[in-house]
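To keep things clear, I will list the structure first and then write my remarks on it.
Here, each number is a calculation from the coordinates, and none is a lab measurement. Just so it is clear, the structure is predicted and the values come from calculations on it, not from any experiment. For neighbour counting, all protein chains shown are included, and Cβ atoms are generated from backbone atoms with ideal geometry for every residue, glycine included.
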Amino acid sequence: MRRILEFIPHLTLVLALGLAVFAVLDGFNPMMEWLTSGISKAYIFLLCGMSVLTSVLLIVEQTRGK
């Protein structure tokens, strides 16, 4: 279980960097609709969920440490 909890922040970072790549690609070629397709909307939703999960886990870990 601990190993999974240690992996979550890394996954969140990878998702955030992937979204940054989508944003750059969308800036160069808006006709490809990188940020408006259904897949990218699901990707953004997944990133938001992972960010919330990472934040909650960090808050729980910090409150246990006090």
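Where residues in the range 16-66 are basic (K, R) and part of a helix (DSSP H, G or I), which of them is farthest from L5 (Cα to Cα)?
K41
Which residue pairs have Cβ atoms under 9 Å apart, sit 6 or more places apart or on different chains, and have a first residue in the range 32-59 that is at negative phi and a second that is loosely packed, with under 15 Cβ neighbours inside 10 Å and part of a loop (DSSP other than H, G, I, E, B)?
S40/E33
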